[in-house]
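Values quoted throughout were computed directly from the atomic coordinates according to the rules given, and no laboratory measurement underlies them. Note that the coordinates shown come from a computational prediction; the quantities given were computed from them, not determined experimentally. Please note: Cβ atoms are built from the backbone with ideal geometry, for glycine as well, and neighbour counts cover all protein chains shown.
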Amino acid sequence: QVQLVQSGAEVKKPGASVKVSCKASGYTFTGYYLHWVRQAPGQGLEWMGRINPKSGGTDYAEQFQDRVTLTRDTSINTAYMELSRLRSDDTAVYYCAREIDTISNDAFDIWGQGTMVTVSS
Amino acid sequence: DIQMTQSPSTLSAYVGDRVTITCRASQSIINWVAWYQQKPGKAPRLLIYKASSLQSGVPSRFSGSGSGTEFTLTISSLQPDDFATYYCQQYISLWTFGQGTRVEI
């Protein structure tokens with residue numbers, strides 16, 4: 001079945017970087033954009049950016065522009081989100097999600113299970 | 001940036017109630033809005049896209065309406081499984097979520 005499986009929980013110190021993976025299966029990886037969304041404890045959803053797995057092209061939310069890097073490896077159907085210069089307020093669950101369509105902007109129909117990233121000294 | 005404002009933040013209801021959640025956009029988003037349901041410890045689930053299109057597998061008691069800047073998600077008869085947090089999302093200009101509406105017993 002169509003699914004996105006993310007890497008496991010991470011604990012990092014302030015100032016470090018974290019790289020979360022999202023492995024796609026059950027569909028053509030290069031046929032759909034992948035997004036990253038985060039959710040701090042008890043808070044709402046925050047869009048971070050998206051990657052076109054076919055071209056590698058990216059779009060980022062302004063507040064993450066200088067700290068987030070989205071990449072992909074088409075040989076293993078996996079997308080990555082790297083967040084640098086971590087702060088305590090980056091503690092959150094990070095989700096990858098598939099965009100329904102590639103013709104124009106669209107909603108997210110498939111979500112990964114989430115990866116908890118804890119930033120603590 | 002387009003802001004999405006949901007109301008109410010929390011809603012108390014009974015099983016069988018008709019429930020309506022509202023989402024207002026800071027500028028016109030035509031009909032580029034989606035609604036998600038999220039339960040504790042789980043990823044969001046897409047319910048409605050393009051304001052009123054029901055995602056495959058979602059029960060027909062969920063419906064969406066609206067255009068321009070005001071949108072609603074309606075649950076026609078609240079079921080025990082529907083107690084959750086609901087988010088709207090615009091996707092006409094990048095992507096932005098509302099702050100969420102918690103539906104509680």
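At what distance in angstrom do the alpha carbon centres of region B:30-105 and region A:1-67 lie from each other? Cα centroid of region B:30-105 versus Cα centroid of region A:1-67: 21 Å apart. For q values of 0.11, 0.16, 0.18 Å⁻¹, compute log₁₀ I(q)/I(0) with the Debye formula on a Cα-only model of the protein assembly as shown, without solvent. Each listed q maps to, in turn, -0.54, -1.12, -1.35. Taking the protein assembly as shown, each Cys residue has a second Cys beta-carbon under 4.7 angstrom.
Shape summary: region A:65-118 maps onto an equivalent ellipsoid whose semi-axes, from the alpha-carbon gyration tensor, are 22, 14, 12 Å in decreasing order. Placing pseudo-labels 7 Å out from each Cα toward the beta carbon at B:SER93 and B:ARG61 gives an inter-label distance of 3.7 nm.
What fraction of the Cα pairs in region B:1-101, stated in percent, has a spacing above 17 angstrom? Please list the in-between numbers first.
Values: 2294 of 5050 pairs.
Value for region B:1-101: 45 percent of Cα pairs lie more than 17 Å apart.
Identify all lysines with a Cα-Cα distance to A:LYS12 below 30 Å; exclude those on the same chain that are fewer than 8 residues away in sequence. Hits, sequence-local ones excluded: A:LYS23, B:LYS39, B:LYS42.
What is the Cα radius of gyration of region A:3-69 over 2.2 N^0.38 Å, N being its residue count? Could the numbers behind the result be given before it?
Values: Rg = 13.3 Å, N = 67, 2.2 N^0.38 = 10.9 Å.
This ratio for region A:3-69 stands at 1.22.
Ordered from longest to shortest, the equivalent ellipsoid semi-axes for chain A are 23, 14, 13 Å, each the square root of 5 times a Cα gyration tensor eigenvalue. GNM on chain B, alpha-carbon springs under 10 angstrom: the most fluctuating residue among B:SER63, B:SER26, B:SER52 is B:SER26. Using a simple spin-label model with pseudo-atoms 7 Å out from Cα toward Cβ, B:GLU70 and B:ARG24 lie 0.9 nm apart. Take every pair of alpha-carbon atoms less than 8 Å apart whose residues are at least six positions apart; their mean separation over the length of chain B yields a relative contact order of 38 percent. Each Cα pair under 8 Å and six or more residues apart adds its separation to the average, and for chain A the resulting relative contact order is 36 percent.
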